[in-house]
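Every number here is computed from the coordinates shown, using simple stated rules; none is lab data. Everything quoted here is computed from the prediction, not taken from an experiment. Using ideal geometry, Cβ is built from the backbone for each residue, glycine included, and neighbour counts are taken over all protein chains shown.
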Amino acid sequence: MTHINNHKQVHLIGIGGCSMNGLAQLLSDRGLKVQGSDVTDSPFTDRLIELGIPVFIGHRPENIGSSDLIIYSAAIKPDNPERRAAREAGIPELERSVALGQLSEGYKSVVGIAGCHGKTTITSMLALISLTGGPDATVHVGGYEEFLGGGTRVGSKDLFITEACEYVESFLTLRPTIALIHNIDDDHLDYFKDIDAITDAFRKFVNKLPEDGLFIGCTDDEHVIKLLGEFKGRKLTYGMHGGDCRPQNIEFDDSGSASYDFTYKGEKLARITLHVPGTHNVMNSLAAMAVALELKSDIKKAAEALSRYRLAKRRFEFYGKTPEGAMLYHDFAHHPGEIRAIIETANRVKRNRLIAVLQCNSYTRAKTLFLKDPSCLAGADEVLTVDIYPGREKDDGTVHAGDMVNAFVNAGIDARYTPTFEDVRDYLKTTAKPGDLVLTLGSGDVYKQTKKLL
């Protein structure tokens, strides 16, 4: 099989992606000559150019140049002009997750942060812990962090901390020595048959641990508890009300951010004060602290790092105020479970009304998730639903944003169909008031569209 170690010049198609840009930096640090292309520029591509990595905007056959290896993301189909040109030239190809898995083989210890929700934040928190209290690590994050200037920290050659993504079982290419599973939920049903198939993928991930490996699991999730019960090796657990690591004496401030005592087997090790809101971020920080404990980080410095942590872009990100004086936030949440958590977070912020604006990413999610679980938005005073963002899919006509609106209304939610963000803007002109909180939700181009509301 093609291996990155046998090549000198690599071209990444989709180099501006959340994971791909970090992979480009790691390959460059390995000594490979790296370049790539994407359909549009972004903070990620800007960062790569700053680092001296060439980026082409637009996909054209001539972009691959003299590269002897092509790496592509899952979103890049076989008919992409650069992939076609590579095949015609006999240049080998690797899918992103396979390349990342090969890269992880070069580290003595590999920490894989898995779960359907929260893994970007947990991995980002660990990157800041590594910078503050050690141990030194190379960290690969699937998001943009200001303190990293991107999504990657190039550090130790012995310790690699990375997000481990379950989509199309891509995390099975990794070779973890520590596997953390934060939660298991019914997402990516365009690939997985059902929740049992998803749980089985996580089971396979845990089973990749070596004999002396460690499984870190959250006891608040029934599916993770099941895997913990099956696993015969070393385990470390955490949870709100159970597990080895727990938060005690939790207090929330007016912004919805928590302070708590971090305890291990009943012993208080540190007081943690977060400046990121929501109960779900208590859990994210608890997971990061569990990993820090295993890695023998300075726990007091790890707690200090968490007090300085701010959310990655597109995670309850404040965009400013609308012309009507409403506070405008955006969050990447695109699954009912994530939306419940972020609605709970928004409701901890001092505000008047909460107006949620939802852009569902993919027709599959609309059919398999939102039509079946419309109550996830019940905590909002009003829900505006825009047209579905297709993502990787094509519209087969079987579901429409209007169907989601009907489901929300039937669940007792004040919801309406506003096809575009221009329509949302016009609606807010007549309804939004100073002190309201407008929260846009979704993983498509909603973060760009949100700016139209300013």
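Return the long-range amide H neighbours of PHE56 (sequence gap of 5 or more, or a different chain), with a cut-off of under 5 Å between placed amide H atoms.
Here GLY36, SER37, ASP38 satisfy the definition.
Using the basic label-point model (7 angstrom from Cα toward the beta carbon), what is the LYS321 to GLU294 distance in nanometres?
Between LYS321 and GLU294, the label points sit 4.6 nm apart.
Taking a virtual spin label 7 Å from the Cα of LYS157 along the C-beta vector, which residues in the range 124-149 bring their backbone nitrogen under 20 Å of it?
Zone members listed by number: 135-140.
Report the semi-axes of the equivalent ellipsoid for the range 70-214 in whole Å, largest first, where each axis is √(5λ) for an eigenvalue λ of the Cα gyration tensor. Spell out each step's value before the answer.
Numbers: eigenvalues 128, 86, 47 Å².
Semi-axes (√(5λ), whole Å): 25, 21, 15.
What residues qualify as long-range amide H neighbours of ILE161, i.e. H under 5 Å apart, gap of 5 or more or another chain, H built at 1.01 Å from N?
VAL111, THR138, VAL139, HIS140
Can you tell me the alpha carbon radius of gyration of the chain divided by the globular rule-of-thumb value 2.2 N^0.38 Å? Numbers along the way, then the final one.
Details: Rg = 21.8 Å, N = 454, 2.2 N^0.38 = 22.5 Å.
Expressed relative to 2.2 N^0.38 Å, the Cα Rg reads 0.97.
Between the range 65-118 and the range 133-201, what's the alpha-carbon centroid distance in Å?
Centre-to-centre distance over Cα atoms comes out at 15 Å.
Please compute, for the alpha-carbon atoms of the range 183-257, the extent along each of the three principal axes and give them in descending order in Å.
Projected onto the principal axes, the Cα atoms of the range 183-257 cover 41, 35, 16 Å.
Semi-axes of the equivalent ellipsoid for the range 202-360, please: Cα gyration tensor eigenvalues, times 5, square-rooted, ordered largest first, whole Å. Please list the in-between numbers first.
On the way: eigenvalues 200, 76, 35 Å².
Semi-axes from the Cα gyration tensor: 32, 19, 13 Å.
What shape does the range 106-308 take by its C-alpha gyration tensor, where a ≥ b ≥ c are the square roots of the eigenvalues and a/c under 1.5 counts as rounded, a/b above b/c as prolate, and the rest as oblate?
On the way: a/c = 1.44, a/b = 1.24, b/c = 1.16.
Rounded is the answer for the range 106-308, as its axis ratio a/c remains below 1.5.
How large is log10 of I(q)/I(0) for the range 317-453 at q = 0.16 Å⁻¹ when the intensity is taken from the Debye formula with one equal scatterer per alpha-carbon?
These q points yield log10 I(q)/I(0) values of -0.73.
Hey, can you grab everything whose amide H is under 5 Å from the amide H of ILE216? Only 5+ residues off in sequence or another chain; H modelled, so Pro and N-termini drop out.
ALA179, LEU180, ILE181, LEU236
Rounded, prolate or oblate: pick one for the range 4-96, where a ≥ b ≥ c are the square roots of the eigenvalues of its C-alpha gyration tensor, a/c under 1.5 means rounded, and failing that, prolate if a/b is larger than b/c, else oblate. Could you put the intermediate results ahead of the total?
Values: a/c = 1.62, a/b = 1.18, b/c = 1.38.
Taking the square roots of the gyration eigenvalues as a ≥ b ≥ c, the range 4-96 is oblate.
Quick one: 3J(HN,Hα) in Hz for the range 314-321, Karplus 6.51/-1.76/1.60 with θ = phi - 60°, rounded, Gly and Pro as x.
After applying 6.51 cos²θ - 1.76 cosθ + 1.60, I find 6, 10, 6, 8, 7, 9, x, 10 Hz.
Taking the dipole about the Cα centre of the chain, with the C-beta of Lys and Arg at +1 and of Asp and Glu at -1, give me whichever of ALA411, PRO390, TYR238 is farthest to the positive side.
TYR238
Return the aspartates and glutamates within reach of LYS33: Cα separation strictly under 12 angstrom, same-chain partners fewer than 8 residues apart disregarded; answer none if there are no such residues.
Filter leaves ASP68.
Using a simple charge model, +1 on the beta-carbon of Lys and Arg, -1 on the beta-carbon of Asp and Glu, nothing else, what dipole does the range 317-453 show about its Cα centre, in debye to the nearest 20?
Numbers: 18 positive and 19 negative charges, 74 e Å.
Dipole of the range 317-453, to the nearest 20 debye: 360 debye.
For the pair ASP212/ASP200, report the inter-label distance in nm, with labels modelled 7 Å from Cα in the Cβ direction.
3.3
³J(HN,Hα) across the range 162-173 via Karplus (A = 6.51, B = -1.76, C = 1.60, θ = phi - 60°), whole Hz, x for Gly/Pro?
Computed from phi, the couplings for the range 162-173 are 9, 5, 10, 8, 7, 4, 6, 6, 5, 5, 6, 7 Hz.
Reachable lysines from LYS451, Cα under 16 Å, same-chain residues fewer than 8 places away excluded?
Leaving aside lysines fewer than 8 places away in the same chain, those within reach of LYS451 are LYS313, LYS321, LYS429.
About the Cα centre, and with charges only on the beta carbon of Lys, Arg (+1) and Asp, Glu (-1), how big is the dipole of the range 21-130? Nearest 20 debye, please.
Numbers: 11 positive and 13 negative charges, 56 e Å.
Computed about the Cα centre, the dipole is about 260 debye.
Among the lysines, which fall within straight-line cross-link reach of LYS394, defined as a Cα-Cα distance under 24 Å, with same-chain neighbours fewer than 8 residues apart omitted?
Cross-link targets: LYS77, LYS193, LYS367, LYS372, LYS448.
So, with +1 on the Cβ of K and R and -1 on the Cβ of D and E, and no other charges, what is the size of the charge dipole of the chain about its Cα centre, to the nearest 20 debye?
840
For SER375 paired with GLU251, estimate the spin-label separation in nm (one decimal), with each label point 7 Å from Cα along the Cα-to-Cβ line.
Going by the 7 Å Cα→Cβ label model, 3.4 nm.
Want the number for ARG310 to ARG234: 0.36 nm per residue separation, take away the alpha-carbon distance, what's left? Before the final figure, lay out each step's value.
Working: separation 76, 0.36 × 76 = 27.36 nm, distance 3.19 nm.
Gain in length upon complete extension: 24.2 nm.
Could you pull out the pairs from LYS119/LYS350; LYS108/LYS208; LYS8/LYS204; LYS204/LYS268; LYS108/LYS204; LYS208/LYS232 whose alpha carbons sit more than 23 Å apart here? Walk me through the intermediate numbers first.
On the way: LYS119/LYS350 27 Å; LYS108/LYS208 15 Å; LYS8/LYS204 32 Å; LYS204/LYS268 34 Å; LYS108/LYS204 21 Å; LYS208/LYS232 13 Å.
Among LYS119/LYS350; LYS108/LYS208; LYS8/LYS204; LYS204/LYS268; LYS108/LYS204; LYS208/LYS232, the Cα-Cα distance tops 23 Å for LYS119/LYS350; LYS8/LYS204; LYS204/LYS268.
When the helices in the chain are scored as -39500 (n - 2.57) per DSSP H run of 4 or longer and the sum is shared across all residues, what 222 nm value do you end up with, to the nearest 500 deg cm²/dmol?
Helices in the chain give a 222 nm mean residue ellipticity of -8500 deg cm²/dmol.
R0 = 25 Å: FRET efficiency of LYS33 with GLU146, Cβ-based, nearest 0.05? Provide the component values of the computation, followed by the final result.
On the way: r = 28 Å, r/R0 = 1.14.
Step by step, r from the Cβ atoms, then E = 0.30.
Could you go through the range 92-102 in sequence order and give the Karplus-derived ³J(HN,Hα) for each residue, using 6.51 cos²θ - 1.76 cosθ + 1.60 with θ = phi - 60°, rounded to whole Hz, and x for Gly and Pro?
For the range 92-102, the Karplus curve yields x, 10, 10, 6, 3, 5, 5, 5, 5, x, 5 Hz.
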